[in-house]
Amino acid sequence: MNRAELADFLRRGRARLTPSDVGLTPGARRRTPGLRREEVAQLAGMSVDYYTRLEQSRGPRPSRQMLTALARALRLTDAAHDHLFHLAGEEPPRRETASAHVRPGLLLILDRLYDTPAQLVNDCGEVLAQNAMAKALVGDMMSRPRHERNLVRRFFLDPAARSLFPEEDREPHGRSHVASLRAVTAARPDDPEPAELVAELRSASREFALLWDEHEVSVRDRATKRFQHPLVGLLELDCEVMLSHEHHHLLVVHTARPGTESHERLQLLRVVGLQDMTPQQAVG
């Protein structure tokens, strides 16, 4: 427990708020900005003496319940909430579910990537949004029912979803899917979504079950992927993965190195667009 840093963090968090921010009346004129110590103590359901000792770097280590109450009282963001736990020497609680809501800022970034395939997926593999180039590359996932938008499910259960990968690349691609999903299930053990997906695929796909039993773990990261596209031919693309920690969302962007044949074919794909793509060709 870092008492000095914790005390400073609490003081600054208190100074940042006004009574109106937390539903309190301003009352008499204040000598300093921010909430009073007794107001934070009231909001957190603790004694003023205990809170004062925390701000003076001489209090005992707060319980996890007390830290949660302080985070709520100080209106902390998720990142600040986790930081508070770290300062007190505690592991932050897991956030057990992945939101399907996509922040407008991420959608704006997606739309700006007009000349390269990009899509937003959650950490279980469900596609949440695509730009036009991603639809041209892997098919229009958003036109499908939600159950059919999961990249991991489609890779193991739909032969058409595997057809855009060269045969020799399919085993490592499937292995990567399984290792990533295992990491998600370990991080969110009480979330039914990844657990149900694993149970379904273990029952329906012998390949998935065998890979699952190998207990490999990884997270989605940058890689080079090859796509055997039916219109423009073989594409070798660099895959970059950017993570939004708040909602377990991933922005996956595929680019081709300038001057390569794949770059020329990607430009051709931009011209061809969606005109000859069919929903059956959607892949991960």
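Any read-out appearing in this document is the output of simple, stated calculations on the displayed coordinates, not a laboratory observation. Not measured: the values here are computed from a predicted model. Backbone-built Cβ (ideal geometry, glycine too); neighbour counts: all protein chains shown.
Assorted remarks:
- Measuring nothing but how far apart in sequence close Cα pairs (under 8 Å, 6+ apart) lie, relative to its length, the stretch 39-188 scores a relative contact order of 14 percent.
- If you plug the beta carbon distance of GLU5 and ASP221 into 1/(1 + (r/R0)^6) with R0 = 30 Å, you get a FRET efficiency near 0.45.
- Cβ-derived FRET efficiency at R0 25 Å, SER47 paired with ARG12, nearest 0.05: 0.70
- When shorter helices are ignored and each DSSP H run of at least 4 residues is given -39500 (n - 2.57), the per-residue value for the chain at 222 nm works out to -13500 deg cm²/dmol.
- Spin-label pair GLU200-ALA79: with each label point 7 Å from Cα along the Cα-Cβ axis, the two points sit 3.4 nm from one another.
- Cα gyration tensor shape of the chain, rounded if a/c is under 1.5, else prolate or oblate by comparing a/b with b/c: prolate
- Entry note, the chain: relative contact order of 18 percent, from Cα contacts under 8 Å with a spacing of 6+ residues.
- Most fluctuating residue given options LEU43, LEU235, LEU24, as computed from a GNM of the chain linking Cα atoms under 10 Å: LEU24
- Taking a ≥ b ≥ c as the square roots of the eigenvalues of the alpha carbon gyration tensor, the stretch 176-234 is prolate, as a/c is not under 1.5 and a/b beats b/c.
- Counting only trypsin sites (Lys or Arg not before Pro) that DSSP places in a loop and that have at most 12 other Cβ atoms within 10 Å, the longest clean stretch of the chain runs over 95-221.
- Calculated FRET efficiency for the pair CYS239/GLU264, C-beta based, R₀ 25 Å, to 0.05: 0.85
- Here the stretch 1-22 and the stretch 150-192 have alpha carbon centers that stand 44 Å from each other.
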